[in-house]
1. Would you please name the residue that is nearest to Val462 (Cα to Cα), looking only at residues in the stretch 514-540 that are part of a loop (DSSP other than H, G, I, E, B) and among the aliphatic types (A, V, I, L, M)?
2. Just the residues that are modelled with pLDDT of 90 or more and open to solvent by 60 Å² or more (accessible area, probe 1.4 Å), please, taken from the stretch 983-997.
3. For the stretch 278-298, give me each residue that is over 25 Å from Leu641 (Cα atoms), open to solvent by 10 Å² or more (accessible area, probe 1.4 Å) and either part of a helix (DSSP H, G or I) or free of Cβ contacts under 8 Å to residues at least 60 places away in the same chain (or both).
4. Just the residues that are buried (at least 20 other Cβ atoms within 10 Å of the Cβ) and closer than 23 Å to Asp1042 by Cβ, please, taken from the stretch 892-904.
5. So if I check each of Glu552, Glu515, Glu578, which one is out of contact with any helix residue (DSSP H, G or I) (no Cβ under 9 Å at 6 or more places or on another chain), over 29 Å from Asp483 (Cβ atoms) and not small (Gly, Ala, Ser)?
6. Considering each residue of the stretch 190-222, count those that are more than 28 Å from the chain's Cα centre (by Cα) and either free of Cβ contacts under 8 Å to residues at least 60 places away in the same chain or closer than 19 Å to Ser324 by Cα (or both), and give that number.
7. Would you be able to say whether some residue in the stretch 500-513 is open to solvent by 10 Å² or more (accessible area, probe 1.4 Å) and modelled with pLDDT of 90 or more?
8. For Leu854, indicate whether it is at pLDDT 60 or above and not assigned by the TED database to the domain that holds Ala616.
Amino acid sequence: MPEVSRDDLTFRETPVEGSTVAEGLVVPPAPAEFCRFDDISFLDVLGGGGDGGRGDILDPDEYLTVAPGLSGGLEDPPPPAVGPAGDAATPEDDLLTPLTSDDLSRPADVTGADRDTSPPDADDEGMDQVLEVAEPVWPVLETDTVPPPRAELGWARRVDPGETPPDGVPDPDVRTFEFELDTFQKQAIGLIERGENVLVVAHTSAGKTAIAEYAIARALADGDRVIYTSPVKALSNQKFCELRSQFSSVGILTGDTQLNEDAPCLICTTEILRSMLYNRPWLTERLRTVVLDEVHYIDQVDRGHIWEECLILLPPTVSLLMLSATVPNAMDLAAWVGGIKSRPVFVVSCPNRPVPLEHQLYTGPAQEWRDANLQPKRTFTVLDHNGIFSNDKPRRRHSNHGNANQRAHPRLQQQRSRGGGGGGGRGGSGRRQRPPSPTQEDWGDLVRHMESSCLLPAIVFVSSRRRCDSTVAVLGHLDLTSDEEKQRIRARLRMLETHLDSGDRHLNSVKSMREFLLRGLGVHHAGMLPFLKETVELLFQDGLVKVLFATETLSIGINMPTRTVVFDSLIKFDGSSERYLLPSEYIQMSGRAGRRGKDQSGTVIIMAVPRCPDRAKLHTVVSTPPDPIRSQFRLTFFMLLNMLSTGRGAASVVWNSFALWGRSSPSEVQAQLERLRNEEVGARLSATDATLLRSQCEELVALVQEERVDRNQLECTQHTVLTLSAPRDPPPPAEPTREPDRELARRAAAALRPPLLRPEVSAGRVAAHEEMTVGWADVEFYLAESPWSACAAAVGRLAELSEGPVAPPPESQRLTELRRQLEGRYPGMEREEIVHTLEAALAADRLYTQQKELGHWNDETSAMMQVLKELGYVDSSGRVTGKGKAACGVGYRQLLVTELVCNNALDGLTSPQLAALLSAVSHVLVVATTAQGREEPDTARLPAALREGVVRMLKIARHIDNVQERNGLHTRTDEEMSLQFELIEAVLDWASGMELRNVRLPRESDQGNLCRTLQRLDETLRDVRDLAVTLRLPRLQSTVRDALVAIRRGLPFNPSIYTM
């Protein structure tokens, strides 16, 4: 078997009978003049500008100072610098010249303004041609030499919601609206007319889309281009459908849909926009505006960094329109974007919902529950449409000891009979147990209640896909549509099904969905076939689906307003554990309720059967503002390679990220820390002690808060109402502060030195026939010398008045221990002294943390560069190799896919086998793995060649993991563990021509997972094809081409209904 090996790359290609062996690609070593750096640490790629060896250097006499056609121009440039030997400095010398403070004060250009943005020639696809271009070598920079931009809050301009909009807005020559615009809409449109950057924060259904439509119309009217980005392909498809009906030329560009991509109005996902900015910048020519819908996605752990890269890389001349319903720290986000663009960002907000919401608890059939007046009731208001909490508490009809709310429900009895509650803890089964679900009777009663109360249509958010399907299945007795509506549904389904193959029309999922839809019921989750999801969406928008059971993914931007939103539970599984919904998640989902122009108010119903949510958590989820969005920026190999290959340098991308923008340099942080330690005794702690102190303060405050409203209910039946009161002077107004450290110090000190109060106890009897459960949450009390002294006295009094003894819950051992530890630090200090000392210590901890974070960026970047060098993507001087250039175009699992191709791991496979093997890279279903490592995939039923391919893939993945771990990247993506072989047989069946209904699917997967995996596999195969073209591997090109043809068929690749 022939083999060609050179300094940079080795490619091996196995000959087949009747064919010739392609010559291996020879990548010459880097020229000696570029190999000047023996030790490259941190920011090899983070260099700044400089000519970097591009082009010839003109003689000073050839410089033009006046542009043709103009009367004036620039002054003569200064003569070139002369080095010690008297020679003029060359561009390469300039790269090695130490940067001055003036140089460092100018962030490197990341807009690509100095690059040739014309499309590449077709002849440039070969690696030989690519390597003929001399690559610049970027200087080594220490962390401290890269200056961060200064935080200028002046870049963020808040627009007063009461400010009168400018006259003449909107311009009727640009766009007219059939309704009167709200003030915030006119304010935003007025700013768009001025060409400003705008951040619009308004509730769901408030009318942000109208602002985006005007921005598009304004750009098109002026002959410019506009790009509309969304976080998911489903929203992109829907927006394409909406905008295509309003504007003459609209295109869409997603991973699986490319239509009219040269149109002046282009719809795309954020990932596509990033790829364009890196690799196809000519698509941004004459770009006037970019609309970033759902901009709060910048807070998403997995994808937030993509949004940051887009915002940083977009030219500052492009106007930005950012839209979101949940950005509590809008001024911070605006200040960051304005700072990196050196243009102000105006924050326009709509503080009130156009359609107010009322939040209710559903407690089950009305015959089981009573209100305060002992009247039958099934729903109880938690928070009314004015934002006021209600004290209306549900009471069971029958008297029972223990927690009546949980005792009698059949779901809880079933769970207990199975030993429920084991979970993964000690003595449990080790498997995650979902919270018990409502019964068929509960669901039927709720739907009938909503129907009779004119609360339909409704979206019911269910905690899992399986529960969506099972809930609809048990509601077969419900029929919510009229005969006329059934006829409309049948007609729509017949029209849509004409786009399906005959075999696909008989899929079980299609037939069952047809039955549900005819009765006004629908299901929507990621495991469904895309065609079915879009069918449900269209019927819901037409008012033909009355109750839609959906998972959280429905809340992501898709325009489906409804009368009512229902939560089957406030608890979700986030991939690692069960937790209550975050306020931002609750806001995003509940915001679908209330249709503007149709409803006076929207209704949100929370299922309290079979288990009522914890009252404190309920109030937190329903009423707490969402957490501020935070930077999720992270360095990726994709970013580093693309920045290196385009010659931009990544320093400004890192420092301009939301995470580091405005940060002090390491030397400045050290100076601040030394100054603080010299001035404040409380700050003279080690980094370890300061971090420990912060964690102790945070835990102390949290524990005190929890025990003040302890929900460990006192399970005893009482006939006595006890009220505690403590007269005291009103507390002084809290000092407004922007420093969270001061607030934490104040609260921790208050926990150590609480105010002394004088509780007064009074008791009174209630009607003898009414039985009440009194818990700690229902007892109003005040702190005395310790959090529980007043409560203990109250419970003692309660015990005297009641029939049985009542014991107060003791203060937790951990809280007592924390008090003792902190008291030992500050013996005898008054509260204000403690506040001052703690504040200094917390400030020191913040500076220590900044030092650690800067060190993290330093270490991670150095390690990533070393990984790229070891794997051959950059050479010893930091110059991108031919292999690295080829990898720049790979959008997903960049290192693994490139290594598979370069190490000939895909050789010897048929096209169906190649598709099946790469499905492990493209799998969308996350399967939990153990800490001990993955189990070897079961390959016994696979063809021998495919089994060998699996072995090679695992070997290469382990090699990449070992290289990363050897260089200290322990927290990066685990390539081996992230491989998923669950669908390898299913993809093999599909690529071999089998019909969808006959494909072998594993138990934990479904047809929707297979479709999404095939769509991502299509992208991966295209990446492999491009690598094969660039690296000149003709046999692999042919196999990939056949694999693409084999998988691109049928329902998984039907065009979106929205784009038809």
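1. Ala526
2. Hits for the stretch 983-997 are Ser992, Met994, Glu995.
3. His296
4. Of everything in the stretch 892-904, those that are buried (at least 20 other Cβ atoms within 10 Å of the Cβ) and closer than 23 Å to Asp1042 by Cβ turn out to be Arg893, Leu896, Val897, Thr898, Glu899, Leu900, Val901, Cys902.
5. The conditions single out Glu578.
6. Going through the stretch 190-222 one residue at a time, the tally reaches 7.
7. no
8. Answer is yes for this residue.
The values are calculated or read from the model by the stated rules, or taken from the named source; none is laboratory data. Not measured: the values here are computed from a predicted model. Here the Cβ is made from the backbone with ideal geometry for all residues, glycine too, and neighbour counts use every protein chain on show. Protein only, heavy atoms only, side chains kept; ligands, DNA and RNA dropped before computing areas. Shrake-Rupley method; radii C 1.70, N 1.55, O 1.52, S 1.80 Å.
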